[in-house]
Amino acid sequence: MRPRKQFNWLETLTADAKHDRQRLAVLVDPQDAPSGKAWRQLLKLIESSEATDVFVGGSLVTENSTKRVVDELKRSVSQPVVLFPGAPNQISERADALLFLSLISGRNPDLLIGRHVETATHIARLDLETVPTGYMLIGDPPLTAAAYMSHSLPIPTNKPELAVATALAGVMLGLRCLYLDAGSGAGKPIPASTIRAVRDAVDVPLIVGGGLTCQTELDTAWASGATCAVIGSAVEQEPTLLDNLRRAD
């Protein structure tokens, strides 16, 4: 096993959570990433934006797409590149960190522990920080791609007590971070009341994504307790949106 990099992404995330500093992640789906001039423009927009992180991943990504996108991001942007994998083939040793996701909101054993066992030996050989992360799908019908591909039902938005119980269980199991996700292309973001309820119950960093499309929705997620708000589909549709997104000073 090679020595780990000195930079520790989880330490920076945890410190920001402790001091209520806002983080903004741009999610790049390798399958939907543009090419040519449009891709070069997106890279420039990310680099010049107030984004603190770039997440890479998706529900359905072809072989080698992740590696190519991560390589190009590492050459072009200064923000940490963090893997948000939807499958074992979405791994690149050039990334700065890997969200080692356990789908604690569902009951699919493959995504609770199965794929982790498949990939653990391979990941252990890489110079890649792994972040034990409880992944929680939260939302109502229609199902998003994440819910469909994971063969699991999201936690209903009108049941924040289930989200809290799930989050508490994940933290008690030793997970170091929680990712609350409405799913890619969700019609609306996770309710502020749900984010706030989870924030009040646990003291680990909260990543919140899915359905966030504008500054107002990002501000609501941060004000409700999100450490890191993630925007993806909205930037895919209109990359110049990044020019107008701001974090509080």
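Can you find a residue that is touching a residue at least 40 places away in the same chain (Cβ under 8 Å), loosely packed, with under 14 Cβ neighbours inside 10 Å and not charged (D, E, K, R) anywhere in segment 149-160?
Yes, that holds for at least one residue.
Cβ-Cβ under 8 Å, sequence separation 6+ or interchain: first residue in segment 200-216 and surrounded by 18 or more Cβ atoms within 10 Å (Cβ to Cβ), partner part of a helix (DSSP H, G or I) and among the hydroxyl-bearing types (Ser, Thr, Tyr). Which pairs?
These pairs meet every condition: Val204/Thr14; Pro205/Thr14; Thr213/Ser233.
Among helices (runs of 4 or more DSSP H) lying entirely in segment 8-76, which contain 3 or more residues that are within 23 Å of Thr133 (Cβ to Cβ)?
9-18, 65-76
Could you list, in sequence order, all residues of segment 106-135 that are aliphatic (A, V, I, L, M), in contact with a helix residue (DSSP H, G or I) (Cβ under 6 Å, 6 or more places away or on another chain) and modelled with pLDDT of 95 or more?
Within segment 106-135, just Val131 meets the criteria.
Yes or no, residue by residue, for (1) of a type in the set (Ser, Thr, Tyr); (2) buried (at least 22 other Cβ atoms within 10 Å of the Cβ); (3) closer than 24 Å to Ser65 by Cβ:
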residue: Ser102; (1), (2), (3): yes, no, yes
residue: Arg107; (1), (2), (3): no, no, no
residue: Asp127; (1), (2), (3): no, no, yes
residue: Thr133; (1), (2), (3): yes, yes, yes
residue: Ile138; (1), (2), (3): no, yes, no
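Report, ordered by the first and then the second residue, all pairs with beta carbons closer than 9 Å, sequence separation of six or more or different chains, a first member in segment 4-25 that is free of Cβ contacts under 8 Å to residues at least 40 places away in the same chain, and a second member that is of a type in the set (Phe, Trp, Tyr) and surrounded by 14 or more Cβ atoms within 10 Å (Cβ to Cβ).
Asp20/Trp222
The values are calculated or read from the model by the stated rules, or taken from the named source; none is laboratory data. All of these numbers come straight from a predicted model, not from anything done at the bench. Using ideal geometry, Cβ is built from the backbone for each residue, glycine included, and neighbour counts are taken over all protein chains shown.
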